Structures are given as C-alpha cells and as structure tokens.
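Trainee: I have a structure I would like to understand better, so I am pasting it below and will then ask my questions one at a time.
Quick note: the coordinates plus some simple rules give every number you see, no bench work behind them. Worth saying up front: this structure is predicted, and the values here are computed from it rather than measured. Here the Cβ positions follow ideal geometry from the backbone for every residue, glycine too, while neighbour counts run over all protein chains shown.
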C-alpha cells in the first residue's frame, strides 16, 4: 500500500513539473537557510563546553554605576584572586590574567622572527582551572618557573616543526623563555585566545602594587568546590568587600562597584557589553535574532507549500471525486496526499543538504569559523534531517490533505469549481497564511533597513578627529624607546609625512582608566577619567580642535610636569563650569610610579579640546585628561599626505630600520581600528539582506499559489466580465485588490513588532540614529510592489485569456 502511495506521488510530481518546482524550490531554500543558521547558532553555543568541570568555573566582573548609566568591567583588581583563595573555603582555586591590550609580541627562535598576538600573562594556577589538553609536556607545573612558556600547537609548529619542543629556548620580546608544554590544537571554542602563555612572575610586577584594590588590570577566574551555590558566594563576597576591605581603604580608593560571578559557559555570548574585555565574544542578541529568522523562513516556506497545494487542489477535484466514487476512504486519500508531501519534502531536504554543503565554506569564510556539515561522521545530523523531513512534511501537508480528502464526489464531478465544504469555509486560513508570510517579510525588511542605516552611521559619523592617512605602530627595542625623540624627528623628515606623535592612548586603541583629583574648598574629590599620555604633537597629528586655551609646547618648560588638557565632557563632569572657567583650575594625579606610589603630579588646565570619540560608538564619551608623560609612551602615529602614502610608508620603514633593525615593523592604519569595531554589525547587515531576500522570494511563491487559485476559481466570472466589456486593467485590478489588502494588513502587524525590536537593538549603542520612518514606508511599499508584480502576472494571464475557453470549461 505504501509503495503504491509513493508511486502515485512520484507520478504526480513528474506530471506537474511547474507545481513541483515551485514547492521544492521554496522548501529547499527555506531549509537551506535554516540549516546554515542552525549550524552557526549551534557553533556559538559550544564555546567552553569542552572545558572539564566548566560548571564550577566563574569569571569575576564588576558593575560601576555612573550618573547616566552603569558599566560592566571584565577587568578587576589583583586582590580579588588573593582574597577569594584565602578567605573563602568554598573556592577551590583562582587564577589571574594580566590585561595587556591587543599588542603583538615578537617571538624568535634562531633567525626566525614572527609577530604573535594573544599572549597571556597568567598565574601558574591557570591549568588548575582550565584543564586544556596538552600535545607535549603536561599541565602540572607548566608555569611554575618564571622563564616557562606554553605554546599553542600552530605556533610551536611554525618554529619547531612537528617535533617535541619541550626544553627548547624561545625569545619573547628579546627575553629568553624555555618551552614547557604545547597545547593541542582544536581550541577554537575556548573563549580565551592563547597563542602562548607565560607566568605572572615573568612580568616582575611589584608586590606592593599587587595588593592595590584600585588597579583593575586583571581578568580573574574562580573554580568553586562541587555543590557550592554561586549566588551565595557572590553575595558573601560583596559583604566581605564592604565590611572588611572598605574600612581599610583611603578615601580615594573606596569601592564604588558591585561584584558578580559570571558562569564560564555564558562568557562568550553574554559579554558583548563588557568593557576592557579580551575574551572571544559573540552576541546572544544576534544569535537569538538569527534563530528567529530561521524559524520565520521555515514558517514562510511551510505556508508557501500550503498555499500552492491548496491552489493546485482545484485541478485535482475530479480525481478526488473519482477515487471516492470507486471506494477510496477519506483516510486513504489523506495518506495519499501526505505521501506526496513527504516525497516533495524529501527531495527538498536532499537539495537543501547539497546546497548547505556547497554554501558552508563561504559561510565559514564570512564568519571566520570552521563549521562542518558531514552526515557520515555525524549521525545525529543525519537523524535531524530525517526528523525534519517527517515533521515538515506532515505539518505542511496536513491541511492540503484534509482539504482534498474532504471534497464531495457528486459536487466536484458536476462542476470544476468547488466553493463549499472545508475548501470554501476556511478561506480565512489561506489568507491568514499570506498575511503572516508578508508580516514576517515586512518585519525583516524594516530590520534590514534600520541596521543598514545604523551601520552606515557608525562608519561615517564625525568622530571629532581626522583618522585618515594615519599610520600606526608600536615602538620596539631599547634603542628606539630610549631615543624616541630622535626617532620621531627623523620620521617627520620623511617626504609626505605631515606630523608624528608618540604616546599611549590613541583613538581606537588601548586607553587607560584612572582617577584625577580636583582640589576644592576643603575637599579632594577623585573622579574617574580616561588618561591619554600624549606628546607635543598629539593634537596636530590627530586634528583635534581646541575649544579654548592652548596646546602643549616645549617653549613652556612647565608643560611636561604641571599641565593638563581636558575634553568638554571632563569640564562638565569634573564640575569646572564652562571651558573658559576651567582654564587655570588645578588637577592632581597619582603618578604611575612603582617606586613611589604616593607621588602626585600637580598641575593646571591649559586647554580644552572638543570632544572626540577615542572608543567605539557603543560607549558614551567619558571625561578625558591629556598630559605629557613619556614613561608610558609606546605607540607611534604618523600623519601622511593622501597622495604619497606608498612612498611615505617606505620612508617610515627605512627610519625604523635605523633605530630597530633587529625587529620588523608591524603597522596598520588608524581607520582600520574603527572599522574592526563594527565587524559584527557589518556581518549582521549582510546576513539580514541575504535572509530577507530569501524570505521575500519564498513568500512570493506562496502568493503566486494563492493568485493561481483565485484566477482558477473565478475564471468563468472573468470570462463573463470580458464578454460584457471589462478591460484587462479592470480585471487585473479586481484580482490584485484583495491581495494588496492582505499586504497592508501584514504591514500593520509587522510595523509595531519591528519598531519594538529595532528600538531595543539601538539601545546597545550610546550614539545611534533615530528610527527612520522612511524605513517603514519603504518596507511597506516594497512588499506591496513585490506582491503586485507576483499577483499581477497571474492576473494578467487570466485577463488576457480567451473568454470563450473559460466559459466552455466544465
């Protein structure tokens, strides 16, 4: 019996090629989009799942509340790890990672030199918490010695080939280390990028500074003992800080934040808004959004099938009548039509599987992932496809099968038009499917347009400085660091170089958060600010604009040790009145000096610069203090003329070779830093356009099916109207009007949902566009235009058909 069902189903599929193609194309595209999105979502959810005892591991973070909003900082004081280990018996182990920014390290073995990023300076207890697999060596005591280094497998292969390098020497930034282990590859799902690890002892951090609660420069992880309640430990830690630690701190170092424990398995997806984070972060909002889009597209594809099958049923009414006349039961007919649906679904799934395999390499390249789609090595994936075939086939085919099997044989054999029964009574369902399809499509169109507008805003907003044609690189070697002024002077002599600046804290790069003291009448209030350590050409190189006052100058000998420049936001938040009133006001700063941590730099404000965005537009502008502090200098910005960048870069390289011949130069341009900040949004924009296009296309197939049904159902009416003198335009308008009304209803449903979703998404940005009304108007018009073209094609065919043929048909 089943064999006969599928044989008849196959014959019908071959006989009605156009119908079969539309159904298979719609389902295949929908399923392909779902499979690709599903692979991406699954991959995002796998981060850190391989780490043994991951459910016991937590990251410490703090929440700082400011006047307008709160910030979450992933970096904390070194004392957190010490306190948790010593004072909390429920804590099994702790480890810290020193925050080092995004700088590259020069690794050397013999004559081979390679710049490597993502080097971790960590406590020796790192592998007691993160039990990562080793290819060579072992985790036990791997980081005990100050000169020890553990390498990632690909880094080890670059230097030593496929041999055991344990015990061999390797230099990192000219300091010698001994390889004690090599991590096994395949750590792409670890939230920490680690190309090499060296112990904290190698950094030679002053013991006194490691007891400082105000130096928040460490990522800290804790491993709780089995059965420990993390929320109770979190509350206990907060109480300890307030009751035991707070009374011991000076007024300037008082704790003003709340502390939390973040489960390891949530770090990747739930840390998008964290400040000063070096983890590999995704975005749960984007993952959920893509998941919803996958469901949307699958629903649209399913609804499309229902509409096409319903429309096609008009041509099979007599077949059903004959089958029932010769004894076929309703259940047998339903099984027949469900078998046809399952066969169509099976073909669609096979085609979707092939398309997914072909498109996955492009998706991997686009997302930077290494996802796999191999049915032979992943039986669970094969089982999922089988279940998907059955579920989608049954759900999509049940209603059409119910409609077809319910026809009354007497009526369908007497007339080609069926207007009663289930088929006539549930017209609202078919129309409802079209409304849902286009509501989802309009929703996606609005989202795509808003994301496009916001991403364009991110890339094109005036940042308050000139980021173009600025070459950017770190200094290397003792000679260059000691003779930075001579190095800078020679850079400025290179043809095509406008100016050069050396400092710490360039826009788009690592900046330092610190306190500044504003002496007042009888009080010394410390404010949190961003410290930018600059030289005398910083403002000129970046094109910063002075609102009032003057720039730093060598002609004023006091500028180095007793002068500050602040931004407009600092004037407001430090309570200095107007920019003019801020000139001459005294500021004090605790100098970064390990030998004398109590030393103060006392100076006055000599200038106020116009606010400029040195961070991404996710972050609000913060008060910034610019000062001359050569001890922190480590990066160089070189402003070039736009018409001679190539020769100027070559000239900079030549000057570099004179001062640091042992280290190759590693540079990029400053505008790249800002472009890299919005890669996630750029990718979201592209994905939205692609999947919105798929949704609209698949939705149009369903609309095409309903238009076919409408034209078939009303062909005699159309014939009569034409005989009575109706024009082609009149008939096209008649058939199109009801569908345009459906699109209008869909738009009215989609607009509020899109407004809410996009309003919430834009809240993540401190600087954002207003929701553009034109995006909603454009989405509605585009959906209406697509619907009209789709329906209009069928309407035009019906309107231009010979009325005699329509009136003669039975």
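Trainee: On a full-extension model of 0.36 nm per residue, what is the gain between residue 682 and residue 620, subtracting their alpha-carbon distance, rounded to one decimal in nm?
Mentor: 20.2 nm
Trainee: Segment 184-207 to segment 455-491: how many Å between their Cα centroids?
Mentor: 28 Å
Trainee: What distance in nm separates the two pseudo spin-label positions at residue 50 and residue 658, each 7 Å out from Cα along the beta-carbon direction?
Mentor: 4.9 nm
Trainee: What order, most packed first, do the peptides 38-44, 243-249, 138-144 have when packing is the mean number of other Cβ atoms within 10 Å of each residue?
Mentor: Result, highest mean Cβ count within 10 Å first: 38-44, 138-144, 243-249.
Trainee: Work out how much length residue 90 to residue 103 would gain on full extension: take 0.36 nm times their residue separation and subtract the Cα-Cα distance, in nm to one decimal.
Mentor: Taking 0.36 nm per residue and subtracting the Cα distance, the gain is 1.1 nm.
Trainee: Any idea what the relative contact order of segment 54-266 is, in percent, if you count C-alpha pairs under 8 Å spaced at least 6 apart?
Mentor: Working: 407 pairs, mean separation 74.3, N = 213.
Relative contact order of segment 54-266: 35 percent.
Trainee: Still on this structure, please answer the following. Grab the Cα-Cα distance for residue 793 and residue 207, subtract it from 0.36 nm times how many residues apart they are, and report the gain in nm with one decimal. Walk me through the intermediate numbers first.
Mentor: Details: separation 586, 0.36 × 586 = 210.96 nm, distance 7.93 nm.
Using 0.36 nm per residue and subtracting the Cα-Cα distance, I get 203.0 nm.
Trainee: Could you give the nm distance between label points at residue 254 and residue 384, where each point is 7 Å from its Cα heading toward the beta carbon?
Mentor: Label at residue 254, label at residue 384, 5.3 nm between them.
Trainee: Quote the FRET efficiency, to the nearest 0.05, computed for residue 73 versus residue 375 with a Förster distance R0 of 41 Å and r equal to the Cβ-Cβ distance.
Mentor: 0.35
Trainee: Quick check of the Kirkwood formula: for segment 470-675, what is the inverse mean of 1/r over all pairs of different Cα atoms, in Å?
Mentor: 17.9 Å
Trainee: Also: Note down the nm distance, to one decimal, between modelled labels 7 Å out along Cα→Cβ at residue 225 and at residue 460.
Mentor: Placing both labels 7 Å along Cα→Cβ, they lie 6.1 nm apart.
Trainee: Could you compute the FRET efficiency for residue 232 and residue 138, with r as their C-beta to C-beta distance and R0 at 41 Å, rounded to 0.05?
Mentor: 0.75
Trainee: Here is a further query. Please figure out what share of the DSSP beta bridges in segment 470-675 is antiparallel and state it in percent, rounded to the nearest 5.
Mentor: So the antiparallel bridges in segment 470-675 amount to around 75 percent.
Trainee: Hey, can you rank 778-787, 72-81 by average C-beta count inside 10 Å, highest first?
Mentor: Ranked by mean Cβ neighbours within 10 Å, highest first: 72-81, 778-787.
Trainee: For segment 54-266, what ratio Rg/Rh do Cα atoms give with a Kirkwood hydrodynamic radius?
Mentor: Using Cα coordinates only, the ratio equals 1.00.
Trainee: Continuing with this model, one more query. Would you mind putting 107-116, 184-193, 269-278 in packing order, based on average other-beta-carbon counts within 10 Å, highest first? Let's see the in-between values first.
Mentor: On the way: 107-116: 14.2, 184-193: 16.0, 269-278: 18.0.
Result, highest mean Cβ count within 10 Å first: 269-278, 184-193, 107-116.
Trainee: Related question: In whole Å, what is the distance between the alpha-carbon centres of segment 625-670 and segment 716-789?
Mentor: Cα centroid to Cα centroid, the span is 55 Å.
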